[in-house]
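Please read the structure below before turning to the comments.
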Amino acid sequence: MGFMVFIRRIRKKQYLSHRVEELYHQVCDILEENALSKGDNGESWVVATRLRDHLLLPKERKDPLLWKKVEELVQEDSRVDRYPKLVKGEQKVVWEWQVEGSLTSSRVKKKSQSGKSKSPRERDANSLHHELRSEPRVLLL
């Protein structure tokens, strides 16, 4: 019985680690896309809680550790600025992708995965890209 509990804990940690990495990449993709298109409000930032609510499944929202780990990865990423901002009269934490000089692995990753089918979560993340985008993307060389 103890062995089964041990195995279950290991699997839960593996799942958590994998899911955190997956969410982090989705956050980076959304922030990058939003920065390139300047979002629906002409701004390149995104409210962190909106991303959280969009990306996490309802049952995952009950586990604050999952999003906390994603926030830690974002905070360590030099390509993302994190700062407080007054949005619609409320103080919110916003994340902003730093476009200048960024060569992202997400673009390379997308090219390598172009042959793979997308999961429902990836399709949802792509729909947020389109919601946040107000104008066609311009390729900057």
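The values are calculated or read from the model by the stated rules, or taken from the named source; none is laboratory data. Since the model is a prediction, treat every value here as computed from it, not as a measurement. Cβ sites come from the backbone with ideal geometry, for glycine too, and all protein chains shown count toward neighbours. When the accessible area is computed, the model is the full protein with side chains, heavy atoms only, and any ligands, DNA or RNA have been set aside. Shrake-Rupley method; radii C 1.70, N 1.55, O 1.52, S 1.80 Å.
Screening M1 on (1) open to solvent by less than 100 Å² (accessible area, probe 1.4 Å); (2) modelled with pLDDT under 90 shows it passes everything except condition (1). Screening the stretch 50-141 for helices (runs of 4 or more DSSP H) wholly inside it with 2 or more residues that are open to solvent by less than 80 Å² (accessible area, probe 1.4 Å), closer than 20 Å to E21 by Cα and at pLDDT 90 or above returns the ranges 64-76. Inspection of the stretch 7-20 identifies at least one residue that is crowded, with 16+ Cβ neighbours inside 10 Å and either closer than 22 Å to V93 by Cα or of a type outside the set (A, V, I, L, M) (or both).
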